[in-house]
Amino acid sequence: MTVAEGVCMPTAGPTAVGVPAASAMAVGTAARELGLKRGEFAIAVHLGLIRLMVPQDGGRPRVGRDEIERLRSQDGFPETLRERVRTVGTAEGARQLGISPDRFTRFARAGCLTPVTFYLNRYRAIVWLYLADELAGFAAREPQLLTGRSPGWLRDRLEGGADCRAGNWRSRRVERLLSLTEDPWARVAVLADTLDPVQLAEVVDDPYERAYLARLRPEPAFGPTGPVWARETMAHLMRADEPDELLWRRVNLIMELDNAREVRPAPHPGGDRCALPSPAGERATDPDSRADADADADADLRSGARSGPECDLVPGGPSSVPPGPCPEPGPVRAPTGAAEPVVGLLARIGLRRRTSREAGRRQSPPGRAPFAG
């Protein structure tokens with residue numbers, strides 16, 4: 001069962017404007033018009049091959065008739081479009097590269113190959129899928145890796161238990177979502193999805209801001225699909241789990257949050273909501289159960305408990321990862337304004353809080369459990 005879905009979120013370009021119903025169609029109809037399956041259409045949307053229109057008054061995204069005609073007029077349609085979104089699993093990908101499935105898996109675990117999406121098999125195990133186009137590019141770019149003995153850096157990484165598949169897929173998805181919007185609060189919402197509710201509450205301490213971010217989280221183009229356990233698996237993969245990545249995500253979230261607060265404040269009860277510009281496609285009046293989940297996470301933070309995951313079903317991003325070390329967190333760039341002082345930034349990331357908790361554990365008397373963070 002594939003759990004990948006194309007992502008729909010507000011953008012700053014022409015895709016954010018409302019369109020007459022006669023000039024646009026539902027995404028399911030558009031997929032049939034283009035001769036694509038739902039999963040292929042979702043990947044095409046996420047790769048930027050198909051542009052969606054998000055109505056300003058809310059509602060499901062649509063595809064303009066001119067967009068359909070543009071794709072149909074391309075050379076080699078529909079075979080060329082299908083080939084660009086064609087995915088392969090480990091066995092087929094290994095045959096394409098002319099290597100064994102075991103060697104293919106080793107490349108993927110080491111970070112040489114990046115999945116574009118995944119599905120859960122009958123045993124609820126994750127099966128990663130890769131773009132066939134990217135595998136062809138990898139074979140042309142690194143032919144020396146396909147034959148002979150694996151290089152030392154690859155063997156050392158695998159012996160250390162590295163598995164970069166989930167992290168690479170997560171990074172590509174976040175980068176793609178950030179490229180789809182210029183709205184500052186929508187960008188914060190994308191980064192907020194990479195932290196669990198407890199860590200998010202540590203960085204975004206205002207519950208009204210967290211509720212606003214819950215409303216802005218990107219939605220699948222076809223709507224939430226699949227059983228609950230599949231969505232929970234997706235949510236688990238979306239959360240950063242390595243210490244370096246966690247630190248990197250928190251720092252970038254703080255930078256984007258500071259920028260969003262400078263542009264406009266998040267809506268608060270009793271405030272003048274009409275004076276606050278909203279991103280296109282935002283539903284300002286509909287209640288959202290995810291806001292309740294964030295409120296529960298805030299209560300869990302105070303009691304020391306952790307909340308369960310939530311999810312959006314989406315594929316990964318468009319670029320491949322060249323062979324080499326697992327992608328490390330890159331340099332942090334402040335969107336606007338001067339950089340925050342280092343001491344203040346470290347305190348907001350949570351380093352001071354963790355230090356104080358460690359001190360509390362050391363000072364706890366025998367027989368009394370320390371505060372659970």
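The values are calculated or read from the model by the stated rules, or taken from the named source; none is laboratory data. These numbers come from a predicted model, not from an experiment. Here the Cβ is made from the backbone with ideal geometry for all residues, glycine too, and neighbour counts use every protein chain on show. All accessible areas refer to the heavy atoms of the entire protein, side chains included, with ligands and DNA or RNA removed. Shrake-Rupley method; radii C 1.70, N 1.55, O 1.52, S 1.80 Å.
Tabulated results
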{"item": "Solvent exposure, largest accessible area first (probe 1.4 Å, DNA, RNA and ligands not counted), of Thr29, Thr147", "result": "Thr147, Thr29"}
{"item": "Peptides ranked, highest mean first, by Cβ atoms within 10 Å: ranges 156-167, 228-239, 205-216, 65-76", "result": "205-216, 228-239, 156-167, 65-76"}
{"item": "Coarse-grained scattering of region 106-257 at q = 0.17, 0.18 Å⁻¹, given as base-10 log I(q)/I(0) from a Debye sum over alpha-carbon atoms", "result": "-1.12, -1.20"}
{"item": "Listed residues Trp248, Trp185, Trp153 arranged by accessible area, highest first, probe 1.4 Å", "result": "Trp153, Trp248, Trp185"}
{"item": "Accessible area of Val263 in the full protein assembly, 1.4 Å probe (Å², nearest 10)", "result": "90"}
{"item": "Region 150-222 - accessible surface per residue (Å², probe 1.4 Å)", "result": "30"}
{"item": "Extended-chain gain in nm, criterion 0.36 nm per residue less alpha-carbon gap, Leu49 and Ala91", "result": "12.5 nm"}
{"item": "For region 74-188: rounded, prolate or oblate by the Cα gyration tensor [a/c cutoff 1.5]", "result": "oblate"}
{"item": "Region 26-116, accessible area per residue, ligands and nucleic acids excluded (1.4 Å, Å²)", "result": "45"}
